[in-house]
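See below for the structure under consideration.
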Amino acid sequence: MNTNPKTPSPPCTAVLVDDDLTSRWLLRGVLKRLGFTLLAEASNGEEAVAVVRRTKPDIVLLDVCMPFQTGPGALPAIVAAHPSAQIVMLTSMADEATVRYCIEQGAAEYLRKDTPVEEISRVLGGLSEKIAAQREREVRCA
């Protein structure tokens, strides 16, 4: 009989990158409700790359249209800095070419900002489950 209770997986960590304060407020609330630990926030692609290099989050919520450097512009550097991060692109307007580029560059998901909160929660919850399963496999293999 196994007397050791299963050790719960640590909460998933996230970095939130968006120049729109209202969007960040909304997404911050979703992350909190889902039990994520928010490591940092940034308002442009340049800041995003630096923050991801420093914090190594499980998930990066990355806006497409931002000043100084766009989300798609920062995406390759973010993937290079932390390849295991699950990157969720966020946009007000989704054109097919940008969506395709971001997925090809390593984004895990692509969400419009007008997506209902329930759907955003479902997507982030699914990524959280994927990360927890990966951690469990890594523990078993160690």
Looking at (1) touching a residue at least 60 places away in the same chain (Cβ under 8 Å); (2) in a loop (DSSP other than H, G, I, E, B), can you tell me which one residue 136 breaks?
(2)
Taking strands (runs of 3 or more DSSP E) that fall entirely within the range 1-116, which contain at least 3 residues that are out of contact with any strand residue (DSSP E or B) (no Cβ under 7 Å at 6 or more places or on another chain) and farther than 30 Å from residue 138 by Cα?
none
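For the range 71-119, name all the residues that are β-branched (Val, Ile, Thr) and farther than 16 Å from residue 23 by Cα.
78, 79, 87, 98, 99, 103
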Need pairs with beta-carbon distance below 6 Å; first residue among the small types (Gly, Ala, Ser) and within the range 83-108, second part of a strand (DSSP E or B) and modelled with pLDDT of 90 or more; sequence gap 6+ or separate chains.
85/60; 94/112; 107/87; 107/89; 108/86; 108/87
For residue 78, all conditions in the list (1) more than 12 Å from the chain's Cα centre (by Cα); (2) under 13 Å from residue 61 (Cα atoms) hold save one; what is the number of the exception?
(1)
Please go through (1) touching a residue at least 60 places away in the same chain (Cβ under 8 Å); (2) loosely packed, with under 14 Cβ neighbours inside 10 Å for residue 113 and return the number of the only condition it doesn't satisfy.
(2)
So in the range 12-54, with the set limited to residues that are free of Cβ contacts under 8 Å to residues at least 24 places away in the same chain and in contact with a Leu (Cβ under 7 Å, 6 or more places away or on another chain), which one is surrounded by the fewest Cβ atoms within 10 Å (Cβ to Cβ)?
28
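The values are calculated or read from the model by the stated rules, or taken from the named source; none is laboratory data. Computed from a predicted model, the values in this text were never measured in an experiment. Neighbour counts are summed over all protein chains in view; Cβ atoms, including those assigned to glycine, are modelled from backbone coordinates with ideal geometry.
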